[in-house]
Every structure is written in C-alpha cells, then in structure tokens.
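Written out below as structure tokens is the structure these notes cover.
The values are calculated or read from the model by the stated rules, or taken from the named source; none is laboratory data. Everything numeric in this text was worked out from a predicted model, so none of it was measured. Here the Cβ positions follow ideal geometry from the backbone for every residue, glycine too, while neighbour counts run over all protein chains shown.
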C-alpha cells in the first residue's frame with residue numbers, strides 16, 4: 001500500500017454476475033436508448049385523434065390511448081427523454097456545486113459554520129415546495145425545472161461531502177502532507193478529492209434518482225414541463241381525471257418511472273457496497 | 001490420576017459455510033486449577049479463536065468446532081448448547097477482552113452492567129446485588145466505588161475500565177478466567193497494575209487464568225505454563241522457565257531473539273533479530289512444518305513431513321523434528 | 001446537559017433567520033416585476049399597481065424585509081391576494097387533515113419498520129432479511145403517486161374498503177376521519193417505512209458487531225436480552241435522526257398525496273397558491289412548514305440526551 005493513499009477506496013472488480021446490478025444496468029440502457037431514439041422515430045405523441053379516445057391497450061396502441069386520443073406508448077417512450085435529461089443534468093449540477101461547497105466547508109473551518117447554517121436553513125424548507133416555488137418564479141421550461149430541483153438537493157450533497165472531507169482530513173497521510181508543507185490546493189486535489197470520489201459517485205446516483213422523482217412530481221402537480229412536451233409526470237397527470245375509465249394512462253408511465261428510479265437506486269447501493277464504507281463514517 | 005482442571009485435546013476450528021478457512025488446528029493443552037497458562041503468538045496465530053471457542057462465543061452457523069476433548073472441571077464443553085453455555089459463562093468461566101473502551105456498553109451505567117453479571121446467574125435482592133458489586137469494585141481497587149456505580153463507561157479512564165471488566169468477569173467467582181490481550185491497549189504503567197491485580201485476585205479466588213498475549217515480557221511476569229502458537233497450531237509447550245531458558249522450536253527462539261533487552265552499564269545491547277518472511281495464507285495447507293520457510297534451523301526433512309511432538313525436557317514438548325538442544329541455544333546467544 | 005439544550009435552542013435562531021430570508025427573497029429573485037408576477041398574465045396596469053401598493057412592493061427592499069420580519073414575528077401573514085382571506089385563517093382551516101395524515105403515517109411507519117429493521121439485522125443474510133432490503137429499496141423508489149393510484153385501484157375501486165378520495169374531518173367522527181385517511185397514510189408509509197427500516201437495519205447490524213455485545217454474551221446473557229437491553233438503546237440516535245431528516249421527505253410526499261386523494265390540506269393549499277401566484281399564502285405556508293421541520297429536528301436533537309449518556313455531559 002503506498003503511503004499516499006493508505007485508505008484510498010478502490011472500485012473492486014465489478015461483479016458482472018451480480019443479478020440485480022446487471023438487471024438494473026440493462027434497464028437503464030434500454031431507457032437510455034428510448035430517450036435518445038424514441039422522439040426521433042416516434043415523434044412526440046402529440047397527435048390528437050378524436051376517434052381513438054380512451055381506448056385500452058391493443059395492437060394499434062400498445063399502451064392504450066388517452067382522453068385526447070394520443071398514443072400512450074409513444075408518449076411514454078418520448079417521456080423517457082425528459083426524465084433522463086433532468087436526472088443527469090441535476091446530478092451534474094448538484095455534484096459540482098454541492099460537492100464544491102462541501103469540500104470547502106469540510107476543509108476550511110471558517111467556511112464550515114457559515115455554509116452549514118445556510119444548508120440547515122435551506123433544508124428546513126420541504127424540497128418539493130421550494131422547487132415548485134422556484135419554477136413559478138423563474139418561469140417554466142426545462143432549464144428552470146433543473147435549477148428548481150437542484151437547489152433543494154445541493155445542501156444535502158454539500159453536507160455529505162463535508163463529512164467525508166472531515167474524515168479524510170484527519171487521516172495520517174493527509175496530516176503528513178500538511179506537515180511537509182504542501183500547499184492547500186495541492187492537498188485537496190492530490191489527497192482529498194481522490195478519496196472522496198467514491199462517496200461522490202454513490203451520492204450522485206441517489207441525487208439522480210431523487211431528481212427523476214422530483215421532476216415527475218412537479219409535472220404531476222402541473223408545474224413541471226409544459227403539457228406539450230411529454231414527461232412521465234405529466235402523462236400521469238393527464239390521466240388523473242380518467243383513472244377509473246382508463247387506468248393505463250397512469251399505469252404504464254408509472255411503471256416505467258418506478259423501474260428507472262429503482263434501477264438507479266440499486267446501482268447506487270451496489271456501488272456503495274463495492275467501495276470502502278469506512279470513509280463515509282466519521283470516527284468520533 | 002486426577003483430571004486437570006481444564007483439558008483440551010485436538011481442538012480444531014474452521015469458519016465458513018463449508019469450513020473452508022481452518023483457523024485452529026489440533027490444539028491440545030491442560031491447565032491446572034489456580035495456575036496461569038500463557039498462549040503466545042503473533043496476530044493471526046489463532047490464539048483468540050481458541051479462547052473464544054472454549055466459551056462458545058462464535059456464531060454457531062458458520063463455525064465448525066471439533067475436538068477429542070474439551071472439559072472444564074468435569075463439564076463436557078463439546079456437548080454444550082447455547083443455553084448451557086449461557087449458564088456456564090460468568091459462573092464457571094469468564095472472559096475479558098483487549099479493548100476496554102469498546103467492551104463496555106456506552107449506554108448503560110457501570111453499576112447496571114456489573115449487577116447484570118450477578119442477576120443473570122443468582123437470585124439476589126437489589127441490595128444484595130449492590131453489595132456484591134461494591135465488594136468486587138473495591139477488590140479491583142477502584143476508588144470511590146459507590147459513586148462509580150452510577151457512572152457511564154466514557155467517564156472512566158482506560159485502566160479503570162479494564163478493572164471494571166475484570167470485576168464483571170470475577171463477580172461470580174468463576175474458576176477459569178480467559179484474558180485475551182487485556183493489557184495490549186493500555187500504557188505500560190497501567191499494564192503493570194493490571195497484571196499485579198490479576199495475580200492478587202488469582203491468589204484470593206484460586207482462579208485459573210488463560211492469558212493470551214504476544215508480549216513475552218508479560219509472559220515472564222505472570223506465566224506458569226506457556227503454549228506457543230503459530231499459524232493456527234501449537235508448536236511448543238512447557239513451563240515458562242523452561243521455554244525462556246531452553247526454547248526448542250525455531251519460532252520460539254525467534255520470538256525470544258526479537259525481544260529487546262536492556263543491560264544497564266553495557267555498551268551495546270543485543271541486536272534485534274527479526275523473523276524473516278510472513279505468516280502463510282489463511283487456510284492454506286502446508287506440507288511439512290508450517291514454519292519451515294522462516295526457520296533459522298530448518299533442515300530438508302522439515303518440509304517433507306509434519307513434525308512430531310517431541311519431549312525435549314520433562315513436561316516440555318515441541319512440534320519439531322530438529323528441536324534446538326540446550327547447547328545449540330547457548331551457541332546462538334554468544335555468536336550474535 | 002443544560003448547556004447542550006441551550007446551545008441547541010440558540011442554534012435554531014440562525015436557521016430560522018435564513019428560512020425567513022429565503023422565503024422573502026423568493027419573490028424577488030425572478031427576472032420580472034414581482035407585482036406583475038403576482039397579478040398574472042392578463043392583469044391590467046391598474047391591477048398591477050394596486051397589488052404593488054397593497055403588498056408594499058414599491059418600498060425599498062430592506063424596508064420590505066423589515067416590515068416582513070415584523071409581521072412574521074407577530075404571526076401576521078397578510079391576506080390572500082386571491083381570496084382576500086387572512087392567510088393565517090386559511091392555514092388553520094387546512095392544518096387538520098395534513099397534521100393528521102402526517103401523524104398517521106409516522107405511526108404506521110414507526111410501528112412497522114423499526115421492529116422489521118431490528119429483526120432483519122438479527123437474522124442478517126436470511127431470506128427474510130434480503131426480502132426486507134429489496135422491499136425498502138422499492139419503497140423509496142416507486143413514486144408516491146404511483147403507489148397511491150395502485151392502492152386506490154385495489155382497495156377503493158375493486159375491494160371498496162376505503163373511499164377513493166376526500167377527507168372526513170374529525171368533527172364528523174374519529175373513525176370516519178381515520179378511514180378516509182387510511183389509504184393516503186399507507187401510501188406515504190411506503191416511503192417513510194422504507195427509509196426508516198433501512199437505517200434501522202444498518203444501524204442494528206453495526207451495533208451487533210460491537211465489542212460490548214460480545215461482552216454481554218460472555219457474561220451469560222441470552223440472545224433476547226442482548227438484543228433488547230444492550231443493542232436497542234444504542235440504535236436510538238441514528239434511528240431518531242433519520243426520522244427527523246425523513247420528515248422533510250414526508251412533507252413533500254404529503255403534498256403529492258393530497259393531490260392524488262383530493263384532501264383539502266396544507267399541501268393542496270400551497271400548490272394552489274403557487275399556481276395562482278398568491279404570494280402571501282405561499283410565504284405563510286412555506287414558513288409554517290419550515291417551522292414544523294425545524295421543531296421536529298430540534299426535538300430529535302434533544303432526544304439524543306435520552307439515548308446517549310455522553311451527550312448529557
């Protein structure tokens with residue numbers, strides 16, 4: 001073991017034979033393909049067809065049709081794009097901002113107090129409500145939805161990174177580096193970040209899952225993506241009033257949503273099990 | 001001939017659903033009432049597992065324990081189930097562990113944990129329990145015992161915590177105390193106090209002690225008998241005096257050479273000799289003597305067959321085909 | 001111990017301040033004119049101006065903030081732009097179903113998930129344990145509204161055990177009220193229990209591998225006793241902590257559940273207010289929710305003293 005990374009988490013050889021991990025990855029791949037190719041080949045599914053309203057699943061409409069005659073299958077497939085885009089963008093945004101703030105708070109004591117108070121304050125407002133409020137203030141559209149979902153997630157990620165950094169900072173090889181006179185940026189880049197990567201990766205998957213759920217919730221409540229851009233949330237919302245007559249409008253996108261989030265979470269759990277859990281626990 | 005107080009023959013312990021990892025192999029030893037046996041070896045030699053197997057503290061599902069005999073004061077430990085073990089623990093045999101900081105429950109008071117050791121086994125009134133607790137706290141020399149009863153573990157120092165552990169172990173006067181490296185986590189002055197305390201209590205209560213350690217200094221202090229373990233098996237057994245003066249097995253000799261000596265007045269002390277190499281892989285079956293690759297006295301035959309037990313001295317045995325004779329050991333000393 | 005309580009109470013102040021400031025600033029961080037935003041797209045110039053006057057949006061920002069602070073501390077949340085009713089009154093009208101739903105959900109969750117988590121840890125590696133782990137991941141992955149509709153389909157539409165939607169207030173009888181809230185509570189309980197069971201199990205696993213558990217067994221304690229007397233108290237802190245942190249998720253879920261089941265609670269009030277740009281109501285509700293969260297977390301922290309003697313020093 002080298003002196004500089006005694007406790008560095010290593011991604012052990014992924015167990016491709018692991019059933020749940022491979023299932024999850026397969027689903028994610030399918031959904032990813034759907035997201036990219038779906039709208040290209042199938043369009044938006046916005047075509048209205050008044051003769052085919054509220055028809056149950058059949059050979060022509062695999063998932064049935066909704067109250068405006070739109071094909072639920074097409075809408076579901078193209079809805080994948082929204083969820084994937086929002087999920088990924090939010091995860092990246094939260095990772096960058098939350099991660100940065102967390103590392104700063106963990107490493108610099110003066111920043112810690114201030115930043116953590118802000119985090120506490122922000123976390124005291126229920127995330128969904130804050131997101132809805134932000135969307136209504138900033139206006140609709142994909143970008144504002146991403147921002148609105150990211151803001152409540154940032155404090156939580158910052159907190160996590162902060163505690164990881166606090167742990168790493170106390171490890172002997174970091175103290176050794178400090179006493180040798182290494183500059184702060186060098187320590188952060190060379191020692192802290194590589195050892196925080198594991199926790200970061202795991203947290204990112206959870207943020208991604210939360211983002212997909214939040215976007216769906218926002219769309220369901222009518223505050224997310226506009227109705228002409230299908231997302232699983234607003235397809236489900238459009239089925240709200242017809243639940244008794246045409247449950248398939250809610251069922252199919254609902255199942256897709258569940259599978260997507262489930263797969264991401266399972267992947268996150270597997271990642272976490274593979275990586276060294278010691279670094280995310282603080283020794284008193 | 002009376003049976004020794006504790007008698008173990010060919011104890012083997014392996015872990016894993018199919019018993020793949022054999023940690024202890026054919027360990028045999030006897031212990032007489034009121035005496036101290038020191039089990040010596042490095043980390044990973046299987047000494048702790050041997051001890052915890054005597055107490056039945058391993059998870060039954062994944063542990064395979066076999067032995068020809070495992071008898072304590074006439075009780076057959078091999079046929080004990082968990083319920084029987086629970087009866088024996090604390091009353092017939094007790095154990096103290098290495099880290100007193102983590103071995104006491106941080107959420108419960110000292111008094112409660114001590115009283116528990118009593119009321120688990122004896123039907124006493126609250127006052128009687130308290131009296132017993134106070135008594136044993138005084139015997140382990142804890143000052144201000146009454147106030148300590150309502151203290152929590154984190155309010156005590158390391159040395160005091162270990163005394164509490166000893167008190168908890170001995171409160172029901174078991175005849176056997178197993179001490180698994182109880183002084184390793186303490187600093188040297190406290191270590192001396194604890195060792196002295198254990199000696200006193202042994203004299204008072206007549207307790208037999210199995211003391212597990214890797215520190216030969218401790219062995220010299222309190223050991224009557226010594227058993228040396230290497231890679232899961234015993235390599236040498238004898239009285240402490242015999243083993244220190246005339247080590248027969250290469251490993252024992254190596255351990256003794258690796259101990260620093262301080263000779264006041266002399267210019268240079270003996271050079272610290274290390275044992276080259278490292279422990280064989282877990283569960284990896286070796287042909288011949290397990291120590292052959294690291295032994296300073298190895299002969300070609302050592303790698304071919306499992307060494308036999310030879311009595312190099314009365315009541316001093318070693319598992320070695322080329323035991324170091326007294327003349328060899330002396331020669332060794334002078335040439336370094 | 002007293003200093004711990006005082007310190008903790010004091011630390012609430014900056015958090016409260018940040019919450020109030022954030023809620024205040026929400027209206028002003030948008031690109032456009034706040035008054036126009038509230039008035040809506042089809043408002044006339046006069047309507048916009050009227051709103052600007054009424055909500056004092058023409059004053060300098062700092063002055064607005066101070067007025068706002070003064071109002072909040074005297075619990076004056078202003079009036080609804082939409083309906084004219086005092087915001088405080090609107091909140092009080094809607095508090096009952098939301099509070100009941102939250103309480104009901106928490107009760108179900110705690111009663112189910114803590115014993116299950118403990119049992120799964122005790123029997124780690126068995127089928128029961130694996131089942132619980134999978135069930136919890138599913139529980140917090142499936143969206144609240146999907147679970148909600150699935151339950152409605154089965155238990156309300158097909159089996160007819162529960163009403164499809166709506167809420168019966170307490171004044172109409174306790175049993176009727178609870179029945180109307182059962183499906184919503186069970187829906188939310190999926191999420192909450194999943195989070196709780198997960199942490200309970202993980203913490204229990206950690207505790208069971210601690211040295212003091214080995215000591216207890218070495219003393220002669222039997223399995224049941226070890227579990228209840230020695231292990232349980234030591235999982236208190238993390239479990240209670242996760243109840244506190246999951247409460248925010250619970251409140252978020254309440255909003256969605258009220259929408260699915262058409263319950264006239266605070267969640268619906270908030271969503272409607274936001275959609276209607278009824279900003280005074282939005283402010284009032286956000287502040288109320290936040291204060292509840294802060295209160296719950298405060299209770300959580302104070303309860304540490306019960307579980308961990310080290311905190312009492």
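Kindly indicate whether residue C:20 is without any contact (Cβ under 8 Å) to a residue 24 or more places away in the chain, part of a helix (DSSP H, G or I) and within 25 Å of the chain's Cα centre (by Cα). The answer is no for residue C:20. For the residues C:11, C:44, the requirement of being surrounded by fewer than 16 Cβ atoms within 10 Å (Cβ to Cβ), without any contact (Cβ under 8 Å) to a residue 60 or more places away in the chain and within 11 Å of another protein chain (Cβ to nearest Cβ) singles out C:11. Of the residues making up the stretch C:76-90, those that are part of a helix (DSSP H, G or I) and either surrounded by fewer than 20 Cβ atoms within 10 Å (Cβ to Cβ) or under 14 Å from the mean Cα position of the chain (by Cα) (or both) are C:88, C:89. Note on the stretch C:208-224: among residues that are more than 8 Å from every other protein chain (Cβ to nearest Cβ) and surrounded by fewer than 17 Cβ atoms within 10 Å (Cβ to Cβ), the one that is farthest from residue B:103 (Cα to Cα) is C:224.
So is residue C:13 under 19 Å from residue A:125 (Cβ atoms) and in a loop (DSSP other than H, G, I, E, B) or not? Considered against the rule, which asks whether it is under 19 Å from residue A:125 (Cβ atoms) and in a loop (DSSP other than H, G, I, E, B), residue C:13 comes out as no. Among residues that are within 18 Å of residue C:97 (Cβ to Cβ) and at the interface with another protein chain (Cβ under 10 Å from one of its Cβ atoms), residue C:236 is not included.
Considering the stretch C:262-282, and only residues there that are closer than 16 Å to residue C:165 by Cα and more than 11 Å from chain A (Cβ to nearest Cβ), the residue that is nearest to the chain's Cα centre (by Cα) turns out to be C:265.
Residue check: is residue B:77 crowded, with 21+ Cβ neighbours inside 10 Å, modelled with pLDDT of 90 or more, touching a strand residue (DSSP E or B) at 6+ places or on another chain (Cβ under 9 Å) and under 24 Å from residue C:225 (Cα atoms)? So residue B:77 fits the description; yes.
Within the stretch A:129-151, residues that are without any contact (Cβ under 8 Å) to a residue 24 or more places away in the chain reach partners that are surrounded by fewer than 24 Cβ atoms within 10 Å (Cβ to Cβ) and in a loop (DSSP other than H, G, I, E, B) with beta carbons closer than 7 Å, at six or more positions or on different chains, in the pairs A:137/C:27; A:137/C:29; A:137/C:30; A:138/C:30.
Scanning the stretch C:299-313 for residues that are more than 14 Å from chain B (Cβ to nearest Cβ) and touching a helix residue (DSSP H, G or I) at 6+ places or on another chain (Cβ under 6 Å) gives C:300, C:301.
Does residue A:249 count as surrounded by 17 or more Cβ atoms within 10 Å (Cβ to Cβ) and within 12 Å of chain C (Cβ to nearest Cβ)?
Working: surrounded by 17 or more Cβ atoms within 10 Å (Cβ to Cβ): yes; within 12 Å of chain C (Cβ to nearest Cβ): yes.
Judged against the criteria, residue A:249 is a match.
For residue C:223, the criteria (1) touching a helix residue (DSSP H, G or I) at 6+ places or on another chain (Cβ under 6 Å); (2) closer than 30 Å to residue B:91 by Cβ hold in every case but one, which is (1). Can you find a residue that is closer than 30 Å to residue C:294 by Cα, more than 13 Å from chain A (Cβ to nearest Cβ) and surrounded by 15 or more Cβ atoms within 10 Å (Cβ to Cβ) anywhere in the stretch C:15-31? No, the stretch C:15-31 has no match at all. When residue B:170 is tested against (1) over 20 Å from the mean Cα position of the chain (by Cα); (2) within 29 Å of residue B:74 (Cα to Cα), exactly one condition is not met: (1).
Table: residues versus (1) buried (at least 23 other Cβ atoms within 10 Å of the Cβ); (2) away from chain A (no Cβ under 14 Å); (3) in contact with a strand residue (DSSP E or B) (Cβ under 8 Å, 6 or more places away or on another chain).
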{"site": "C:122", "(1), (2), (3)": "no, yes, no"}
{"site": "C:130", "(1), (2), (3)": "no, no, no"}
{"site": "C:136", "(1), (2), (3)": "yes, no, no"}
{"site": "C:151", "(1), (2), (3)": "no, no, no"}
{"site": "C:156", "(1), (2), (3)": "no, no, no"}
{"site": "C:159", "(1), (2), (3)": "no, yes, no"}
{"site": "C:175", "(1), (2), (3)": "no, yes, no"}
{"site": "C:196", "(1), (2), (3)": "yes, yes, no"}
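Scanning the stretch A:252-275 for residues that are free of Cβ contacts under 8 Å to residues at least 60 places away in the same chain, within 9 Å of chain C (Cβ to nearest Cβ) and surrounded by fewer than 24 Cβ atoms within 10 Å (Cβ to Cβ) gives A:255, A:258, A:269.
Among the listed residues B:97, B:119, identify the single one that is within 13 Å of chain C (Cβ to nearest Cβ) and surrounded by 18 or more Cβ atoms within 10 Å (Cβ to Cβ).
Among B:97, B:119, only B:97 is within 13 Å of chain C (Cβ to nearest Cβ) and surrounded by 18 or more Cβ atoms within 10 Å (Cβ to Cβ).
Against the conditions (1) at pLDDT 90 or above; (2) more than 30 Å from residue C:144 (Cα to Cα), residue A:214 satisfies every one except (2). Taking the stretch A:33-142 as the region of interest, the helices (runs of 4 or more DSSP H) fully inside it that hold 2 or more residues being more than 14 Å from every other protein chain (Cβ to nearest Cβ) are A:72-107, A:109-123. The lone criterion from (1) more than 9 Å from chain A (Cβ to nearest Cβ); (2) modelled with pLDDT of 90 or more left unmet by residue C:253 is number (1). Restricting attention to the stretch C:283-293 and to residues that are over 21 Å from residue A:220 (Cα atoms) and more than 7 Å from chain A (Cβ to nearest Cβ), the residue that is nearest to the chain's Cα centre (by Cα) turns out to be C:292.
Only one of these conditions is not met by residue C:70: (1) touching a residue at least 24 places away in the same chain (Cβ under 8 Å); (2) part of a helix (DSSP H, G or I). Which number is it? The number of the failed condition is (1). Remark: residue B:35 matches the filter, which requires a residue to be more than 13 Å from chain C (Cβ to nearest Cβ) and modelled with pLDDT of 90 or more. No other residue among B:27, B:13, B:49 is modelled with pLDDT of 90 or more, touching a strand residue (DSSP E or B) at 6+ places or on another chain (Cβ under 6 Å), farther than 30 Å from residue B:150 by Cα and assigned to a helix (DSSP H, G or I) apart from B:49.
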